[in-house]
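Working notes, beginning with the structure itself.
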Amino acid sequence: MGKTSGRPPRPKKLYLVQRLGWNVWEDGGRPVCSRAEEDCGAPVRAFNGRKQAEAFCREQERQARRELSPFQFHYDFAEEEETKLIAGLPELGLQPPTPEEFPSAAYEALIEWRAWWDAVAPGLTDEQREGVWGLLEDVHFFEVVAIDWEGNASGVTRWKP
Amino acid sequence: MAGKKEIVYAVERLNWRRSGDCWARLPGTTRLQSFPTFEQAEADRRRREAEARERVNPFLCGGPALSQQTGLDEGRLHDWLLDAGLTPPRPRKGRPADWAAWWRQARGGMTALQREKVWEALDKVRFFEVAERPKRPVAYVVVQIHWRYNDEFFIAEPEGGQGDTAFRDRQAALDHCDECNDIARSAWEDADVDLAFDLSLRRAAAGDPLTTAPPSYEQRQAGLVGLEGAAFYEVVEVEVGP
């Protein structure tokens, strides 16, 4: 068996975990956030292995969901989506809100979901909190991007958590 | 001993962003400074936190609901403030108490200890934290900034960009970045629109949101730059490793 160089092989890819950028707006005294889909966001940490990057990405995502209101990022519903949300809440052990309890400032027949979340969030278990996020259209805050180290062939690949 | 990682204590700013009178918490943190001991980092964090508390109305953070600011319900917050010798606001004409207005009016008359007691109760409004981190190697990543058009001017994405190439050497990254910018500017010269670029939101995001208000639309218009002043690529330093 021939002698190998003492220097470890240089990894070909660097896996960046990026925090997606959001624009913040004020709506009815509450902050709401939106983003342009093409915006990429800020690199948070990089890894030489994809699995490590994905694990870190998932942990960052979980932490964000534990700490933040989903309705800060998800405030304009399609009817079908709201129907799905209302239908899914009992399965999480949660009573769906009504427009009478939480009327929207814009239109009383609609539910002000941010106010509902503010009211129930302190009493939610981690599973219920995660479950509400799961009932909403995919909102994510981090992603993994593979880029080349200097000197390698070019190419970029992206993964959501 | 081989394999023992050197630890640093990093003071990090939580990702609060302001819009109008509101403050929104976004995911993640920004590392500001690292210290060799926890005590040094904690002293720095306390100083920064105290400065932020001089500037921010905590009842505007996260929205009007107290649950965004404190783990106490309204009744217990009420009692806490009475115990601190303060008179909490009352609901008026069926509307909930206006805590933000109360803070604006009452803060000037509070003692330092009373202010501290209020902030102690508002346990969900924190601006800085200390994180224990192993020292890690860094890479220098050249990122391509995404620009979008609003029918009037081009707007840079608020943070970061599309990762292009990673370098271990900072100067090599800067050289590559300059080269990419030159190529991008050449390509933009052929564009069939007025070239006006707005970097102000990006600059605001890179700065300290606790001290600098986001630019108004008028300020953004006044700050537009031409092709030579715009950046299409930047170098971002990022830690590598678990």
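The values are calculated or read from the model by the stated rules, or taken from the named source; none is laboratory data. All values reported here derive from a predicted model rather than from experimental measurement. So basically every Cβ, Gly included, is an ideal-geometry build from the backbone, and we count neighbours across all protein chains shown. Keep in mind that these areas ignore ligands, DNA and RNA; they rest on the heavy atoms of the full protein, side chains included. Shrake-Rupley method; radii C 1.70, N 1.55, O 1.52, S 1.80 Å.
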query: If amide H atoms are built 1.01 Å from N in the plane of the peptide, which residues on other chains or at least 5 residues away come under 5 Å of the amide H of A:V32?
result: A:W25, A:E26, A:D27
query: So how much accessible surface do B and A hide from each other in total, probe 1.4 Å, in square angstrom to the nearest 100?
result: 3700 Å²
task: In whole Hz, with x marking every Gly and Pro, tabulate ³J(HN,Hα) for region A:58-68 from phi via Karplus 6.51 cos²θ - 1.76 cosθ + 1.60, θ = phi - 60°.
output: 4, 5, 4, 5, 4, 5, 4, 5, 5, 9, 10
- line: In whole percent, the fraction of accessible protein surface over region B:6-150 that belongs to carbon or sulfur atoms, probe radius 1.4 Å, stands at 47 percent
task: Can you tell me the 0 to 90 degree angle between the C-alpha axis of helix A:79-88 and the longest principal axis of chain A, rounded to 10?
output: 90 degrees
- prompt: Taking the DSSP beta bridges in the protein assembly as shown as the whole, what percent of them are antiparallel, to the nearest 5?
  reply: 90 percent
- request: Find out how many positive minus negative residues lie around B:A106, taking Lys and Arg as positive, Asp and Glu as negative, among other residues whose Cβ is under 12 Å from that of B:A106.
  value: +2
task: Rounded to the nearest Å, what's the spacing between the alpha carbon centres of region B:37-91 and region A:59-137? Just the number, please.
output: 25 Å
task: Determine, from the Cβ-Cβ distance of A:E101 and A:R58 and an R0 of 41 Å, the FRET efficiency 1/(1 + (r/R0)^6), rounded to the nearest 0.05.
output: 0.75
message: If I compute solvent accessible area with a 1.4 Å probe over the protein chains, what percent of it on chain A is carbon and sulfur?
response: 50 percent
query: Whose amide H sits under 5 Å from the amide H of B:L32, counting only residues 5 or more places off or on another chain, with H placed in the peptide plane?
result: B:V11, B:E12, B:R13
message: Longer than 25 Å from Cα to Cα, which of A:K51/B:K135; A:K51/A:K84; A:K84/B:K93 are they? Say none if no pair is.
response: A:K51/A:K84; A:K84/B:K93
query: Measuring with a 1.4 Å probe in the full set of protein chains, what accessible area per residue, in whole Å², belongs to region B:13-149?
result: 52 Å²
task: List, in order, the whole-Hz ³J(HN,Hα) value for each residue of region B:89-106 obtained from phi through the Karplus relation with A = 6.51, B = -1.76, C = 1.60 and θ = phi - 60°; use x for Gly and Pro.
output: x, 10, x, 10, 6, x, 9, x, 4, 8, 5, 5, 5, 4, 4, 4, 7, 8
field: Gaussian network model of chain A, Cα within-10 Å springs - most flexible of A:V32, A:V132, A:V120
entry: A:V120
- request: Work out from phi, with θ = phi - 60° and the Karplus expression 6.51 cos²θ - 1.76 cosθ + 1.60, the ³J(HN,Hα) of each residue of region B:167-173, listed in order in whole Hz, and give x for Gly and Pro.
  value: 10, 8, 9, 5, 5, 4, 5
